[in-house]
Amino acid sequence: MTPEIVILAMIAAFLGLRLYSVLGRRAEHEEEPIPGRFEGRQGRPGTSRIPAQPKPDAKSDDRARAEQGLRPREMPLAPPSVERGLAEIANADRRFDAFAFLEGARGAYRMILEAFWKGDKEELRHLCDDDVYESFAGAIDARNEAGETLDNRLVRIEECAMVAAGVEGNVARITLRFRADIAAVTRDAEGHVVAGSLDDAIEAVDIWTFKRALNSADPDWLLDETDQG
């Protein structure tokens, strides 16, 4: 062979080796897929890094059912005496849910205050028992006779805490402490401000007791007592 043929053969062999090395490394690299954005970089597709949650044990005794009715989630923060009272209510009423009651009580607190401020006796009639209704209605009548109106606004409810609970006879009662910021203004017949300010909210602390007859088909609770904290 001439020197030219030998040189060309060596060049061809060199280029072939280079091409094989490049293609060979690319093929080996493609055997391992690059993890996508939704797969994570520390696991393969189809695997989960979240441990399976254990299934709760089934309980059939009365006390366990009461606990389930009382604790659909974690128990609301309350003193031991209140917890015992809530357990009594849950034993007597399987539908009772402490968290649902708290959420409903916050809504009832706002509705009752706003109905009283507006002088809406019909709304108060559905939310309060007879004694509390008569007290609110008397205050509304006195305000109307004086020609005064309330321009109040519930800014926020800072606290809604259980302070007492229990069953008396066939009636369940729960007492709550509400701590709220209220902007209060009293206007005369001409609309002039005679007391308060909408710019400066004041803190109000109310102790309200709600009741419900356990033998009643009506699931609603009524405001039974009011006091200031």
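The values are calculated or read from the model by the stated rules, or taken from the named source; none is laboratory data. Not measured: the values here are computed from a predicted model. Using ideal geometry, Cβ is built from the backbone for each residue, glycine included, and neighbour counts are taken over all protein chains shown. Each accessible area value is taken on the protein alone, full model and side chains, heavy atoms only, with ligands, DNA and RNA left out. Shrake-Rupley method; radii C 1.70, N 1.55, O 1.52, S 1.80 Å.
For the stretch 189-229, filtering for residues that are open to solvent by 40 Å² or more (accessible area, probe 1.4 Å) and not in a strand (DSSP E or B) leaves 11.
Show the residue pairs meeting these rules: Cβ distance below 6 Å; 6+ apart or different chains; first residue within the stretch 94-108 and farther than 18 Å from V205 by Cα; second residue in a helix (DSSP H, G or I). Here the result reads R94/G69; F96/G69; F96/I89; F96/A90; A98/L70; A98/L86, each pair linking the stretch 94-108 to a residue that is in a helix (DSSP H, G or I).
Contact annotation: residue pairs with Cβ atoms under 9 Å, 6 or more positions apart or on different chains, pairing a residue in the stretch 159-172 that is surrounded by fewer than 15 Cβ atoms within 10 Å (Cβ to Cβ) with a partner that is of a type in the set (V, I, T), are E159/V205. Could you tell me whether R143 is open to solvent by 30 Å² or more (accessible area, probe 1.4 Å), in contact (Cβ under 8 Å) with a residue 12 or more places away in the chain and either outside any helix (DSSP H, G or I) or over 24 Å from E168 (Cβ atoms) (or both)? Taking the combined requirement at face value, the residue does not satisfy it. Residue under question is E134, and the condition is that it be open to solvent by 90 Å² or more (accessible area, probe 1.4 Å) and within 25 Å of the chain's Cα centre (by Cα); does it hold? No; evaluated as a whole, the condition is false for this residue. The residues of the stretch 167-205 that are at positive phi and in contact with a strand residue (DSSP E or B) (Cβ under 9 Å, 6 or more places away or on another chain), listed by number, are G191, G196. The single residue among A100, A78, A66 that is modelled with pLDDT of 70 or more and either open to solvent by less than 40 Å² (accessible area, probe 1.4 Å) or not in a helix (DSSP H, G or I) (or both) turns out to be A78. Considering the stretch 88-131, and only residues there that are basic (K, R) and closer than 20 Å to A161 by Cα, the residue that is farthest from the chain's Cα centre (by Cα) turns out to be R110.
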